[in-house]
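Let me begin by presenting the structure, written as structure tokens, before commenting on it.
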Ligand SMILES: C[S@@+](CC[C@H](N)C(=O)[O-])C[C@H]1O[C@@H](n2cnc3c(N)ncnc32)[C@H](O)[C@@H]1O
């Protein structure tokens, strides 16, 4: 049986409606995203060509993707793309899906870079590259040094640098935290794994890499290591944190004589990050 764009969208909307509440998805929007991905056309094209026939291979591909989505696979992993700060990043299941709240970290980093004339920035846990790549486009005069403990994540970063910021000055290294050979770092940024190891994560999060999510017994392992790292380097530090980590981090930062400690909230009013200097 031949399907048209309209009939395929109708059947996908019906299937996705059944999981819309549990997966918090918008059935029409996601059906259109998936069909435009399979047909490699824009969403507008689907509306202007709604009676067009879709061939069998494309139909089967589309229905298989709808099926994956009903099982909870994040749409970004299905389409291998995610929007962040007006750019479209390649993503796969080796990296965390960019979160909108990380755009606040970009704004805070930009303010620190501009106010203190910072030229040398290190990122721990670069993942898909959203933070360093976006900042390098906003501040092309800066040098960036970034690590990730996952080699597969670094392959994704490399791909995004190539497509989005080929002229940027970003040095990558596969290692934990920062290598001692990188000297004169003025600002360290990170959106580290900060979920407690035994926290019962929601089903969509199970698709994301554990190494990007979990930060030890209390979720603070990497955050504490970053504070020590920034202290040893007398650098500025800007990190994203979990909504319930402000008190523990304030205590640890004060113990390490951090200066000018500021916490910031996300758009839901939850504590989401801090910056300080040493
Ligand atoms: C929450 S993700 C953030 C990715 C990306 N920066 C973003 O904001 O979307 C954390 C990243 O840190 C990496 N990571 C975990 N432990 C690390 C460590 N000890 N040293 C360096 N990177 C680490 C993970 O592989 C993952 O890519």
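A short reminder: the numbers here are calculations on the coordinates, not readings from a lab. Note that the structure is predicted; figures quoted are calculated from it, not measured. Quick reminder, even Gly has a Cβ in these numbers, built from the backbone with ideal geometry, and neighbours come from all protein chains shown.
Side notes on the structure shown:
- Scan of region 159-205 for residues that are in contact (Cβ under 8 Å) with a residue 12 or more places away in the chain, assigned to a helix (DSSP H, G or I) and under 18 Å from residue 97 (Cβ atoms), ordered by number: 159, 160, 163, 164, 203, 204
- Restricting 136, 168 to those that are buried (at least 18 other Cβ atoms within 10 Å of the Cβ) and either out of contact with any helix residue (DSSP H, G or I) (no Cβ under 6 Å at 6 or more places or on another chain) or on the phi > 0 side of the Ramachandran plot (or both) reduces the list to 136.
- Residue within region 245-260 that is within 22 Å of the chain's Cα centre (by Cα), within 12 Å of the ligand (Cβ to nearest atom) and not in a helix (DSSP H, G or I) present: no
- Restricting attention to region 53-107, the residues being within 14 Å of the ligand (Cβ to nearest atom), touching a helix residue (DSSP H, G or I) at 6+ places or on another chain (Cβ under 9 Å) and part of a helix (DSSP H, G or I) number 5.
- Some residue of region 245-252 being buried (at least 18 other Cβ atoms within 10 Å of the Cβ) and closer than 26 Å to residue 129 by Cβ: yes
- Residue count for region 116-155 under the criterion of being part of a helix (DSSP H, G or I) and more than 9 Å from the ligand (Cβ to nearest atom): the result is 8.
- Counting only residues that are under 24 Å from residue 103 (Cβ atoms) and in contact with a helix residue (DSSP H, G or I) (Cβ under 9 Å, 6 or more places away or on another chain), region 221-241 holds 9 of them.
- Selection within region 253-278 - over 17 Å from residue 115 (Cα atoms) and touching a strand residue (DSSP E or B) at 6+ places or on another chain (Cβ under 8 Å): 253, 254, 258, 263, 264, 265, 266, 271, 272, 273
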